[in-house]
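The values are calculated or read from the model by the stated rules, or taken from the named source; none is laboratory data. Keep in mind it's a predicted model, so treat the numbers as computed, not measured. Heads up, the Cβs are rebuilt from the backbone with ideal geometry, glycines too, and the neighbour counts pull from every protein chain shown. Surface areas here come from the heavy atoms of the whole protein model, side chains and all, with no ligands, DNA or RNA. Shrake-Rupley method; radii C 1.70, N 1.55, O 1.52, S 1.80 Å.
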Amino acid sequence: MSRIGKAVISIPSGVSVDISKGNLVTVKGSKGTLTEQINSDLTIKMEDSVLTVERPTDQKRHREAHGLSRSLINNMVNGVSEGFVKRMELIGVGYRVSNTDNLLELIIGYSHPIYFMIPAEVKLTTKMDKGEAPTIILESFDKQLLGQICAKIRTYRKPEPYKGKGIKFVGEIIRRKAGKTSGKK
């Protein structure tokens, strides 16, 4: 049995879960509404304020879908009740960040600034404090969308292993490499 799949999902107060035919799960909460199509072979049961996901057999495809489906539903419940936050920082001399509503402007060592439009479901905040790295703070109730936006922003300047310059998550450790050494003796 999947350890993740057999764990129950407790539904907090203020969150409603609707399971329609074909395992279409809709979760509504104070932050927003999310909908996900879950594998139709799985059984989703709602008792009191506890939701469980069960699989019919131990076939490989059912085992694969079991833990994934439970995690997707759990992320939806957590998202509409609490939300998710991702923080990214720009490491490099002259790197700057600013925003106008949901338009992100990155100055990261290219000959031109990079503009990136953030979807309305994601709240964008930027910080440029003296003595600290410029920071991008993204908040959303949709974990998948939030991760996708962070990955797209990171592709503009990935952290490089020699000096550590680039866009990285706060708290992420970049594996550093040694530079060239003089070979003549």
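Here are a few things to note about the model shown:
- Shown here are the Rg and Dmax of the Cα trace of the stretch 8-81, at 11.9, 38 Å.
- Over the chain, relative contact order from alpha-carbon pairs under 8 Å, at least 6 apart, %: 18
- Tilt relative to the chain, helix 60-81 - C-alpha long axis, 0 to 90 degrees, to 10: 70
- Of Lys86/Lys158; Lys6/Lys60; Lys143/Lys177, those spanning more than 27 Å from alpha-carbon to alpha-carbon: Lys143/Lys177
- Label-point gap, in nm, between Lys180 and Asn99 - each point 7 angstrom along Cα→Cβ: 4.1
- Charge-dipole axis of the stretch 55-185 as Lys and Arg at +1 and Asp and Glu at -1 on Cβ define it, positive-most pick from Leu68, Leu146, Ile108: Ile108
- Taking the C-alpha atoms only, the angle from helix 143-155 to the longest principal axis of the chain is near 20 degrees.
- In the stretch 81-137, Rg over Rh equals 0.99, where Rg is the alpha-carbon radius of gyration and Rh the Kirkwood radius from pairwise Cα distances.
- Base-10 log of normalised Debye intensity for the stretch 76-184 (one unit scatterer per alpha-carbon) at q = 0.17 Å⁻¹: -0.82
- Helical content of the chain, expressed as a calculated mean residue ellipticity at 222 nm, amounts to -6500 deg cm²/dmol (DSSP H runs of 4 or more residues, -39,500 (n - 2.57) each, divided by residue number, nearest 500).
- Expressed as a whole percent, the accessible surface of the chain that belongs to carbon and sulfur atoms is 50, based on a 1.4 Å probe.
- Qualifying chymotrypsin sites (Phe, Trp or Tyr not before Pro) for the stretch 101-140 [loop in DSSP, other Cβ within 10 Å: at most 12]: Tyr110
- P(r), alpha carbons of the chain - 10 Å bins starting at zero, rounded %: 9, 28, 24, 20, 14, 4, 1, 0
- Sequence-separation-based contact order of the stretch 122-185, relative, with Cα cut under 8 Å and 6+ spacing, percent: 18
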